[in-house]
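To start, the structure itself, in structure tokens.
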Amino acid sequence: MAKMSEDVKKLVTETKPGLIATSSKSGKPNVSAKGSFCVIDDEHVAFAEIKSPKTLANLRENPQVAIICLDPATRKGCRIAGTCEIVDSGPLFDQFSKDYAARKMVVNHVVKIAVEDAYAF
């Protein structure tokens, strides 16, 4: 795992939505916008899976992901690559579920990503 710099963590926190790229086992790509990206700690980010059947299907077959957060106004952003874990119970899932229940949204899963590479640009 790699530690994210303060710049990367700030960009993940402030830039919405972020885009996540996934690929099926056979290599079929998918890109999905996620407004729920957040920093868990220096080595992990996560997002709520609410209505992303293609993203979830790809992650079940291939846990490798790439994320980009880009502010078009400033052209500042970050890129993160890592490996995901699909979470459907426990404190992290409970916190996401509570946060999104207030918006009348149901969290099906939380995708927690172990950061392997991250840089700001």
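For Asp41, work out the one condition from (1) under 27 Å from Ser89 (Cβ atoms); (2) in contact (Cβ under 8 Å) with a residue 12 or more places away in the chain it doesn't fulfil.
Of the numbered conditions (1) under 27 Å from Ser89 (Cβ atoms); (2) in contact (Cβ under 8 Å) with a residue 12 or more places away in the chain, the odd one out for Asp41 is (2).
Within the range 70-93, can you find the residues that are surrounded by 14 or more Cβ atoms within 10 Å (Cβ to Cβ) and of a type outside the set (Val, Ile, Thr)?
Leu70, Lys76, Gly77, Cys78, Arg79, Ala81, Gly82, Cys84, Glu85, Leu92, Phe93 - these are the residues of the range 70-93 that are surrounded by 14 or more Cβ atoms within 10 Å (Cβ to Cβ) and of a type outside the set (Val, Ile, Thr).
Just checking, which of Phe121, Phe47, Phe96, Phe37 is loosely packed, with under 14 Cβ neighbours inside 10 Å and modelled with pLDDT of 95 or more?
Going through Phe121, Phe47, Phe96, Phe37 in turn, the sole match is Phe121.
Quick one: would you say Val65 is under 14 Å from Val111 (Cβ atoms), under 14 Å from the mean Cα position of the chain (by Cα), of a type in the set (A, V, I, L, M, F, W, C) and surrounded by 19 or more Cβ atoms within 10 Å (Cβ to Cβ)?
The answer is yes for Val65.
Filter the range 1-50 down to the residues that are among the aromatic types (Phe, Trp, Tyr) and not in a strand (DSSP E or B) and list them by number.
Phe37
The values are calculated or read from the model by the stated rules, or taken from the named source; none is laboratory data. Since we're looking at a predicted model, the values are computed, not measured. Counting neighbours? That spans all protein chains shown, and the Cβs are built from the backbone with ideal geometry, glycine included.
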